[in-house]
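Input: a single structure, listed below in structure tokens.
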Amino acid sequence: MSTNDQGRDSADGDLSYAVAVVRTDEGWKVSELDDSALDSVGEAVTAMRGLRAESASFGLLNIDDDYFIIVRPVPGSVKVLLSDATAAVTDDIAADVFDELDIDVPDIADEDLDDTAGWPEGDLAILADVGLSEEVLAVVCEDADLWASEQLQSIAEALGFEDELSDAVDGDGDDDDYED
């Protein structure tokens, strides 16, 4: 993990957040989702579908700054990506990603987790149509030197919504209507 803890402090000690990212005619809009989006992938998908965005939209979930999940509802299904599959061994929302993908959670003993390198699981092409290639997203996910918040910031920088993400996470964002 990075030694740079900038942005990792929060008043209540909770490092998790969930945001919706929507591309509009004016650019990217990022807004914090309700805390229930951090309870399960289903809750995050429900929150994203509730936006009724007519253009590209996806949710970014930072879980305790340990790993992240990207959720992207599409007609009739949902695309998901978990940045570190080993998290599913001990964390319910990460295991939800495996349920959504209809695959088994990795069979790794708790005592072996620290010695097991993480890997991304899910759709690495989840953001390809908005400008982030599968290869670049794989590199971001596999960078074990970065906290999840730093990985998400890298994604935001690559797609051009880094300021909007920072504003939303820091509580300076607005809750504009996302409908185009």
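Ordering 132-145, 149-162 by mean Cβ neighbour count within 10 Å, with the highest value first, yields 149-162, 132-145. Of the trypsin sites (Lys or Arg not before Pro) found in the stretch 24-83, those in coil by DSSP whose Cβ has at most 15 other Cβ atoms within 10 Å are 52. Computed with a 1.4 Å probe over protein heavy atoms only, the accessible area of residue 67 comes to about 10 Å².
Relative to the present Cα-Cα distance, how much length would full extension add between residue 109 and residue 49 at 0.36 nm per residue of separation? Taking residue 109 through residue 49 to full extension adds about 18.0 nm, to one decimal.
Calculated accessible area for the chain comes out at 51 Å² per residue, all protein chains present (probe 1.4 Å; ligands, DNA, RNA ignored).
Working from label points 7 Å from Cα in the Cα-to-Cβ sense, the residue 40 to residue 56 distance is 3.0 nm.
Counting charges near residue 74 (Lys, Arg +1; Asp, Glu -1) among other residues having Cβ under 13 Å from its Cβ returns a value of 0.
The equivalent ellipsoid that matches the C-alpha gyration tensor of the chain spans semi-axes of 24, 19, 16 angstrom, in descending order.
The values are calculated or read from the model by the stated rules, or taken from the named source; none is laboratory data. Small disclaimer: the values here were computed from a predicted structure and weren't measured. Cβ atoms come from the backbone with ideal geometry, glycine included; neighbour counts cover every protein chain shown. Ligands, DNA and RNA are excluded from the accessible area calculation, which covers all protein heavy atoms including side chains. Shrake-Rupley method; radii C 1.70, N 1.55, O 1.52, S 1.80 Å.
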